[in-house]
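What follows is one structure encoded as structure tokens, with my remarks underneath.
The values are calculated or read from the model by the stated rules, or taken from the named source; none is laboratory data. Not measured: the values here are computed from a predicted model. Note: ideal-geometry Cβ built from the backbone for every residue, glycine included; neighbour counts use all protein chains shown.
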Amino acid sequence: MKKYFWMVLVVLVAGCAEMESSSPIPAEKTTAEYAAEFYAAYSVVCIDSMIHYSGEENGSYPATLAFGPPRGAGENAGSLDVFNLGIGQNAIFRHSSVALVDGSGNDFKVFENSFRISTVDNYAWDFGWVEVSPGGADGSDPDTWDWYLLPVVHDLNTNTYNTKEGKSGLVGLEPIVVNYIDNPMDPRTSTAGGDGYDLADAKKILTRDSGNPLHFSLGNTLAQDNVMEIRYIRIFDGSSFLPDGAFGDNGLDVDAICFFNYR
Ligand SMILES: [Ca+2]
Ligand SMILES: [Ca+2]
Ligand SMILES: [Ca+2]
């Protein structure tokens, strides 16, 4: 979560787009009804539960705000409908009744709440990375499961402060335009924003000794290991491994995580 100063700045420069994200919901529909319409219109599902969290939940930005469809605030504002993960923390999410599968193209998206600050030609980023797992025996420790990394590129030799150049696979790179209440659209599209991932790119993490995803030792793909279903998605804040640029590390935020290919 970027500092309040930047939230205020964005409100000033973005014509109060920030405030719109928390405006009252029109009385004719409930949020559940909006969500149901969104799911039906675009044939997506979004995570509805968290099974592990390394930190202490922030009362103002609890995990429940990561459940359900995305509620983005546009290119120039950060949604407050988010779970604030915290610096260096991680959490494991799932959908309670479906599994993610590798279908055509991107299979899921993570919606953070980065936004562009046009007045200073920069982005308010909180980068992180994604791992996926089929899970393990009931009651087993998630740290003992097989985890597959969605590879990240963060070239520290390029200008990290105001460009997407040299960056890919990072959670939080793309601002969130889609909003299931105020601005519904197909969340798969690039117009909708969010960070898309293809399970075909995931590779088994063999060693993570450094703690830095840029230096993990990787092995087989999911297909090579005959892993046909993914039940768990783990999001890590990038801390100092994945520098956030001009505005420092405040811990990434999760607005939503939605599945496009599932069963
Ligand atoms: Ca953020
Ligand atoms: Ca795919
Ligand atoms: Ca949300």
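Please go through region 98-150 and give me each residue that is touching a residue at least 12 places away in the same chain (Cβ under 8 Å) and of a type in the set (Gly, Ala, Ser), ordered by number.
First pass over region 98-150, keeping only residues touching a residue at least 12 places away in the same chain (Cβ under 8 Å): 98-135, 142, 145-150.
Passing the criteria: ALA99, GLY103, SER104, GLY105, SER114, SER118, ALA124, GLY128, SER133, GLY135.
I'd like the residue in region 176-235 that is among the hydroxyl-bearing types (Ser, Thr, Tyr) and surrounded by fewer than 19 Cβ atoms within 10 Å (Cβ to Cβ) and, out of all such residues, is farthest from SER104 (Cα to Cα). Spell out how you get there, then give the answer.
Initial filter on region 176-235 (among the hydroxyl-bearing types (Ser, Thr, Tyr)): 180, 189-191, 197, 207, 210, 217, 221, 232.
In the following step, the residues that additionally are surrounded by fewer than 19 Cβ atoms within 10 Å (Cβ to Cβ) were identified as 189-191, 207, 210, 217, 221.
Numbers: THR189: 14, SER190: 16, THR191: 19, THR207: 29, SER210: 33, SER217: 27, THR221: 16 Å.
Out of the qualifying residues, it is SER210.
Just the residues that are closer than 14 Å to ILE51 by Cβ and in contact with a Lys or Arg (Cβ under 9 Å, 6 or more places away or on another chain), please, taken from region 135-146.
Answer for region 135-146, where residues must be closer than 14 Å to ILE51 by Cβ and in contact with a Lys or Arg (Cβ under 9 Å, 6 or more places away or on another chain): GLY135, PRO142.
Please name all residue pairs, on different chains or six or more residues apart, with Cβ atoms under 8 Å, provided the first residue is in region 17-41 and is farther than 20 Å from CYS258 by Cα and small (Gly, Ala, Ser) and the second residue is surrounded by 14 or more Cβ atoms within 10 Å (Cβ to Cβ) and modelled with pLDDT under 60.
Note: pairs meeting the criteria are ALA17/VAL10; ALA17/VAL11.
Regarding ASN183, is this residue within 16 Å of ligand 3 (Cβ to nearest atom) and in contact (Cβ under 8 Å) with a residue 40 or more places away in the chain? If you could, list the steps in order and put the result at the bottom.
Values: within 16 Å of ligand 3 (Cβ to nearest atom): yes; in contact (Cβ under 8 Å) with a residue 40 or more places away in the chain: yes.
Answer is yes for this residue.
Test each condition in (1) outside any strand (DSSP E or B); (2) surrounded by 20 or more Cβ atoms within 10 Å (Cβ to Cβ); (3) not hydroxyl-bearing (Ser, Thr, Tyr) for ALA137 and report the one that comes out false.
(2)
Would you please list the contacts, defined by Cβ atoms under 9 Å and residues six or more apart or on different chains, that run from a residue in region 66-78 that is closer than 21 Å to ILE235 by Cα and modelled with pLDDT of 95 or more to a residue that is within 16 Å of ligand 2 (Cβ to nearest atom) and part of a loop (DSSP other than H, G, I, E, B)?
Between residues of region 66-78 that are closer than 21 Å to ILE235 by Cα and modelled with pLDDT of 95 or more and residues that are within 16 Å of ligand 2 (Cβ to nearest atom) and part of a loop (DSSP other than H, G, I, E, B), the close pairs are PRO69/VAL44; PRO69/PRO187; PRO70/PRO187; PRO70/GLY194; GLY72/GLY194.
Mind checking which residues of region 155-172 are surrounded by fewer than 21 Cβ atoms within 10 Å (Cβ to Cβ) and either closer than 19 Å to ALA202 by Cβ or among the hydroxyl-bearing types (Ser, Thr, Tyr) (or both)? Lay out the reasoning, then the answer.
Taking region 155-172 and keeping what is surrounded by fewer than 21 Cβ atoms within 10 Å (Cβ to Cβ), we get 155-169.
The answer is THR158, THR160, TYR161, THR163, LYS167, SER168, GLY169.
For (1) surrounded by fewer than 19 Cβ atoms within 10 Å (Cβ to Cβ); (2) in contact with a Lys or Arg (Cβ under 6 Å, 6 or more places away or on another chain); (3) in a loop (DSSP other than H, G, I, E, B), each residue gets a yes or a no:
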residue	(1), (2), (3)
GLY55	yes, no, yes
LEU65	no, no, no
ASP81	no, yes, yes
SER104	yes, no, yes
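For region 123-142, check the following and say yes or no: at least one residue is over 19 Å from the mean Cα position of the chain (by Cα) and closer than 25 Å to SER240 by Cα.
Scanning region 123-142, I find at least one residue that is over 19 Å from the mean Cα position of the chain (by Cα) and closer than 25 Å to SER240 by Cα, so the answer is yes.
Considering region 106-127 alone, what residues qualify as being away from ligand 3 (no atom under 16 Å from the Cβ) and not in a strand (DSSP E or B)?
Initially, region 106-127 is screened for residues away from ligand 3 (no atom under 16 Å from the Cβ), giving 106-107, 116-125, 127.
Scanning region 106-127 gives ASN106, ASP107, SER118, THR119, VAL120, ASP121, TRP125, PHE127.
How many residues does region 199-234 contain that are touching a helix residue (DSSP H, G or I) at 6+ places or on another chain (Cβ under 8 Å) and either free of Cβ contacts under 8 Å to residues at least 40 places away in the same chain or farther than 24 Å from SER96 by Cα (or both)? Explain how you work it out, then say what you get.
From region 199-234, those touching a helix residue (DSSP H, G or I) at 6+ places or on another chain (Cβ under 8 Å) are 211-214, 221-223, 230, 232, 234; that's our starting set.
Adding the requirement that they be either free of Cβ contacts under 8 Å to residues at least 40 places away in the same chain or farther than 24 Å from SER96 by Cα (or both) leaves 211-214, 221.
Of the residues in region 199-234, 5 are touching a helix residue (DSSP H, G or I) at 6+ places or on another chain (Cβ under 8 Å) and either free of Cβ contacts under 8 Å to residues at least 40 places away in the same chain or farther than 24 Å from SER96 by Cα (or both).
Select from region 247-263 the residues that are among the small types (Gly, Ala, Ser) and surrounded by 16 or more Cβ atoms within 10 Å (Cβ to Cβ) and write down the one among them that is farthest from ligand 3 (Cβ to nearest atom). Before the answer, list the steps.
Applying the first criterion (among the small types (Gly, Ala, Ser)) to region 247-263 yields 248, 251, 256.
Checking the rest, the ones that are also surrounded by 16 or more Cβ atoms within 10 Å (Cβ to Cβ) come to 251, 256.
Details: GLY251: 16, ALA256: 5 Å.
For region 247-263, the residue satisfying everything is GLY251.
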